[in-house]
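What follows is one structure encoded as structure tokens, with my remarks underneath.
The values are calculated or read from the model by the stated rules, or taken from the named source; none is laboratory data. Fair warning: this is a prediction, and the values are worked out from it, not measured in the lab. A quick note on method: Cβ atoms are made from the backbone with ideal geometry, for glycine too, and the neighbour counts reach across all protein chains shown.
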Amino acid sequence: MNRIIMPTLTVLALGAVVLTGCSTSTTVSAPASTASTSASSGTSARETTSSTASGLGTGVTSFLADNVTSHAESDDADYDPSTASRITLGSQDVLISEPGTYILSGTLTDATITVNSTAKGKVRLVLDSVTLTSAKGSPLVVTAADEVVLVLADGSTNTITDTSAHTKSDDPDEPNAAIFSMADLTIAGTGTLQVTSNNADAIASKDGLVVSSGTLALTAGDDGLRGKDYVIIDGGTIDVKSGADAIKSTNETDDTVGLVMINAGTVSLNAGDDAIHAEGDLVVAGGNLTVTSSVEGLEGANVVIAGGQTSIISSDDGLNATSGTTATATGGAAGGPGGGPGGGPGGETSDGSQVVITGGHLSVDSEGDGLDSNGTITMTGGEVVIAGPTRNDNGALDATSVTISGGSLIAAGSAGMVVTPSTSSTQGWVAISQNVSAGQTLELGDGTTTLLSFQVTKPAASIIVSMPSITNAQTYQVSVDGTVTSSVTAGQASTGGGRAGAPR
């Protein structure tokens, strides 16, 4: 991965290049005599992920400080049409061998556009109403480049369809996506890109992958968006339907890679496996993220929710932080399930992973654990609402410790594996043992003021609530549909409660 700012390349007066004729392969390059370079002014210097997340608070920015640097630049979508090479697609393969800006239009069937540029400099491919369809292999392949930018031209709709078999290969660099890149890849512009891959990934990079803008509609038999070192979403409208993971970063060699970060944009994911899977850190810092279907919603070694609006539906865990090295302890965690303040699931020691919530709004509808960490859960801000499992083998919260010092939390789920906040939490909380049916309204009050009123969306038997207005050691009344059913003391794990209709 390139970690320095490369000089910008200006291609002068190339005119139009129209690919016609009966040749099976056409090579397009920028003539050396018309190319000149100028040193970067530094006005669009590459940003680190920590500077991108500068508004997330000191704790989060230091947490992210050792992550990789994004290759994307603010002017990636900028180009001068008068100095670009113009390529009208025909019936033959296209090879682009040098840095420069290339405007592509037209239709290409059962052929491949290949970028193989070994020189320093950015290859910018402007897709202007392009249709690529192939049953023989990946339609768009980058075998070598310093960096590639796909610019979606203003007002254009571009369609790339890969129907080839993509049988498994021992070669890790074998193209296995409709758009496949061995180099850093950025997608920008204001147009639309529709990608379908019947048997493989939609878009994949063996380096870093950034979506800066544009409208993307991706359908994949395997993963939707896959990067090796990182996947960063800085904007755009993205809709992914995938047979496996919707968004994925795969590098697990050290803790500076394997990052997935959502900074802005509107992202909708329908996944056959994880909606987002990061081998390293997974961060939602902004934007609107909706997971309509997944096995696990968000999974990474560390999962951070620092901003934005996030909604997750999962058949297993909503959020899962794991490094894959969880050890079994001798004996249970202090307190045991529901056994008092700081009660935990028992039997596990921390693997060092974390769920960290500092801001934003998060709603989870899970059949497994709502928030699951093989290490710790820490909440300092934001809003979290969990409609957790109805089965007793999972819980709305699952971690070796849960520490809350800010924000608001409603975690409703089953009563079989209840985990309550630890004694180190500085914000008050209550644990309500109460059978509540879907559609019923649960209220929490101090006898004078109603502190909380919310409608339960799934049957629940245990509800953990934490908010700034709750004071530990104070007693509160619990009501269901306007009828007082029990009282709870803040800061204590519940040992029982009234019934208000059996769960259904």
**Q.** Single condition GLN434 does not satisfy, out of (1) modelled with pLDDT under 95; (2) crowded, with 24+ Cβ neighbours inside 10 Å; (3) part of a loop (DSSP other than H, G, I, E, B)
**A.** (3)
Q | Selection from the range 203-218 of residues that are buried (at least 23 other Cβ atoms within 10 Å of the Cβ) and under 16 Å from THR237 (Cα atoms) | A | ILE203, LEU209, VAL210, VAL211, SER212, GLY214, LEU216, LEU218
Q: Only residues in the range 158-181 that are surrounded by fewer than 24 Cβ atoms within 10 Å (Cβ to Cβ) count as the first member; pair them with residues that are hydroxyl-bearing (Ser, Thr, Tyr), Cβ under 6 angstrom, at least 6 apart or cross-chain, and list the lot.
A: THR159/THR131; THR161/THR133; THR161/THR196
Q: May I ask you to say which residue of THR483, THR441 is in the same structural domain as ARG391 (by TED's automatic domain parsing) and either among the acidic types (Asp, Glu) or more than 13 Å from ALA412 (Cα to Cα) (or both)?
A: THR483
Q. For the range 95-109, which residues satisfy the criterion of being of a type in the set (Ser, Thr, Tyr) and under 20 Å from ALA119 (Cβ atoms)?
A. SER97, THR101, TYR102
Q: Determine whether GLY382 is assigned by TED's automatic domain parsing to the domain that holds THR358 and on the phi > 0 side of the Ramachandran plot.
A: yes
Q. In the range 233-249, which residues are buried (at least 21 other Cβ atoms within 10 Å of the Cβ) and either of a type in the set (Asp, Glu) or over 12 Å from the mean Cα position of the chain (by Cα) (or both)?
A. ASP234, GLY236, SER242, ASP245
Q | Residue ID - surrounded by the most Cβ atoms within 10 Å (Cβ to Cβ), chosen from residues in the range 251-271 that are closer than 17 Å to ASP317 by Cα and in contact with a Ser or Thr (Cβ under 6 Å, 6 or more places away or on another chain) | A | ALA271
Q) Any idea which of (1) farther than 22 Å from HIS361 by Cα; (2) part of a loop (DSSP other than H, G, I, E, B); (3) touching a residue at least 12 places away in the same chain (Cβ under 8 Å) is the one THR448 doesn't satisfy? A) (3)
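From VAL291, VAL283, VAL257, grab the single residue that is within 15 Å of LEU218 (Cα to Cα) and either touching a residue at least 12 places away in the same chain (Cβ under 8 Å) or not hydrophobic (A, V, I, L, M, F, W, C) (or both). Before you say what the answer is, go through the steps one by one.
Numbers: VAL283 fails: within 15 Å of LEU218 (Cα to Cα); VAL257 fails: within 15 Å of LEU218 (Cα to Cα).
Going through VAL291, VAL283, VAL257 in turn, the sole match is VAL291.
Identify the residue in the range 78-132 that is β-branched (Val, Ile, Thr) and not in a strand (DSSP E or B) and, among all such residues, is farthest from the chain's Cα centre (by Cα). So that I can check it myself, show each step before the final result.
Of all residues in the range 78-132, those β-branched (Val, Ile, Thr) come to 83, 87-88, 94, 96, 101, 103, 107, 109, 112-115, 118, 123, 126, 130-131.
This time we only want the ones that are not in a strand (DSSP E or B), so: 83, 112, 118.
Details: THR83: 37, THR112: 30, THR118: 31 Å.
Within the range 78-132, the match that is farthest from the chain's Cα centre (by Cα) is THR83.
Assess whether PRO503 counts as being in a loop (DSSP other than H, G, I, E, B) and at pLDDT 95 or above. Talk me through it step by step, then tell me what you get.
Numbers: in a loop (DSSP other than H, G, I, E, B): yes; at pLDDT 95 or above: no.
Criteria not met by PRO503.
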Q.
Given the criteria surrounded by 16 or more Cβ atoms within 10 Å (Cβ to Cβ), within 21 Å of SER353 (Cα to Cα) and modelled with pLDDT of 95 or more, does ILE404 qualify?
A. yes
Q) Which of the residues spanning the range 74-112 are without any contact (Cβ under 8 Å) to a residue 60 or more places away in the chain and in contact with a Lys or Arg (Cβ under 6 Å, 6 or more places away or on another chain)? A) ILE103, ASP110
Q) Out of all the residues in the range 239-266, which are over 18 Å from VAL295 (Cβ atoms) and of a type in the set (A, V, I, L, M, F, W, C)? A) VAL257, LEU259, MET261, ILE262, ALA264
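Could you please find all residues in the range 471-486 being out of contact with any strand residue (DSSP E or B) (no Cβ under 6 Å at 6 or more places or on another chain) and crowded, with 16+ Cβ neighbours inside 10 Å?
Of the range 471-486, the ones out of contact with any strand residue (DSSP E or B) (no Cβ under 6 Å at 6 or more places or on another chain) are 471-474, 482-483.
Of everything in the range 471-486, just one residue is out of contact with any strand residue (DSSP E or B) (no Cβ under 6 Å at 6 or more places or on another chain) and crowded, with 16+ Cβ neighbours inside 10 Å, namely ASN472.
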